[in-house]
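Input: a single structure, listed below in structure tokens.
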Amino acid sequence: MGSATLLLALFFLSVLTTVPKVQAAFTCNSTTRSTTCSALIDYVSPNTTTLSAIQTLFDVKNLRTLLGANSLPTSTSPNQSVAAKDKIVIPFRCRCSNGTGISNHRPVYTVQKDDGLYHIAAEVFAGLVTYQEIQAVNNISDANLIEVGQELWIPLPCSCDEVNGSKVVHYGHVVEAGSSVELIAEEYGTTQETLLRLNGITDPKNLQAGAVLDVPLKACTSMVANNNSLDYPLLVANGTYVYTANSCVMCKCDSANNWTLQCEPSQLKLSNRTCPSMQCEGSSLYIGNSTSAGCNRTTCAYAGYTSQMILTTLVEGNACSASNDAQKIGLQVWSWAFLFISSIALAWSSIFSVRSL
């Protein structure tokens, strides 16, 4: 028995050295009334699978939520194949507790035959958590004693904190081999200093492939300012879209629109129910509609929802500023084109002049 125990211990010691390194737990000291928020994390599939299987594994309620986080068309099939080692971004709700952030009681994994906590953490969930973290949140006294059919909460790392005074979407980025803190900061629009501070890294050279790095993604400004709204705070990262208000509204974030959230009726066919009115009070406009008078533009914007109604607000803006910017860009392009064509004409003129001599 003694030698068997020693061999088992040595086995665990050896395999732990091969597990992708999970960075230190994300700090989460949010003091807002809302203790939960939207978060994202990478999942690098260990085997060929499908979007539907990933949706089920991570308890993502609707496929369209997964599609939105990955900027995939809404027409994408749930049976679309995901190759081994491909990266899929997982959307989930984050909960702040005791200074750290973890997924809000999801996903829940049902133990299968021959499963062990290490296998579940390192292989099924691709090293996004450690088996010790699963053991702790599920109050398991002995990591070797889990039963088939037992449901385990998988505590994905996350945060709801503001970063540098701004609300952001925290993204658990799985570091790729050959990457660096500087490259990641440049790719996701933040700074190396911010990433080092958020992740408690003293030396950027210590970054390891497979680490789950807390990357703050800038979110579009929304009109959901009332924390009585069921989706407050509505944070949508650049290049992604979400469905909200019980799937009645679709909102997308695009930095090209001055970081302003663009919302409109979802156009989804919702069975056995209809969506509340989306008309802005005191106007004929509906969510996503605008009207202009001179340089003044009025837009009906989405402002949240309750159990009975969808909230809207009228937003005033300047319709001329964007058009003036476009005109300036157009003039600059035209000027460069004119100079380019003139240069070519001059060159050809010189060539013909030489030939005529």
Amide H contacts under 5 Å for S45, restricted to residues at least 5 apart in sequence or on another chain and with H modeled in the peptide plane, are K85, D86, I88
Likely footprinting exposure, D86, D214, D203, fewest C-beta neighbours within 10 Å first
D203, D86, D214
Net charge over other residues, Cβ less than 13 angstrom from the Cβ of A185 (K, R count +1; D, E count -1):
-3
Please identify every one of the GluC sites (Glu not before Pro) in region 93-186 that sits in a loop by DSSP and has no more than 16 other beta carbons within 10 Å of its own beta carbon.
E147, E162, E176
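In what sequence do V236, V168, V124 fall when counting other Cβ within 10 Å, fewest first?
Ranking V236, V168, V124 by Cβ neighbours within 10 Å, fewest first, gives V124, V168, V236.
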Provide the per-residue ³J(HN,Hα) series for region 147-156, in order, calculated from phi with Karplus coefficients 6.51, -1.76, 1.60 and θ = phi - 60°, each as a whole number of Hz, with x at glycine and proline positions.
10, 4, x, 5, 9, 10, 7, 9, x, 5
Using the Karplus curve 6.51 cos²θ - 1.76 cosθ + 1.60 with θ = phi - 60°, work out ³J(HN,Hα) for each residue of region 291-304 in order, rounded to whole Hz, and write x for Gly and Pro.
9, 10, 9, x, 8, 8, 10, 10, 10, 8, 10, 6, 10, x
Residue-wise, which Karplus ³J(HN,Hα) couplings in Hz belong to region 230-241, taking 6.51 cos²θ - 1.76 cosθ + 1.60, θ = phi - 60°, and x for glycine or proline?
5, 10, 6, x, 7, 10, 10, 6, 4, x, 10, 9
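Net charge within 14 Å of Q112 by Cβ-Cβ distance, Lys/Arg positive one each and Asp/Glu negative one each, not counting Q112 itself?
Its environment carries a net charge of -4.
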What is the set of long-range amide H partners of N104 at a cut-off below 5 Å, with H atoms built 1.01 Å from backbone N?
R93, C94, R95
Treat the count of other C-beta atoms within 10 Å as a stand-in for reagent exposure and order C275, C263, C295 from fewest to most.
C295, C275, C263
What is the pair-distance distribution P(r) of region 241-320, computed from all Cα-Cα distances in 10 Å bins starting at 0, with each bin given as a whole percent?
18, 49, 27, 6, 0
Could you list, in their original order, any pairs among K167/K205; K87/K269; K205/K252; K61/K218 whose Cα atoms are separated by more than 32 Å?
K205/K252
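Each reported figure results from applying straightforward, stated rules to the coordinates on display, with no laboratory input. A quick note: this is a predicted structure, and the numbers were derived from the prediction, not measured. Positions of Cβ are backbone-derived with ideal geometry, glycine not excepted, and every protein chain shown enters the neighbour counts.
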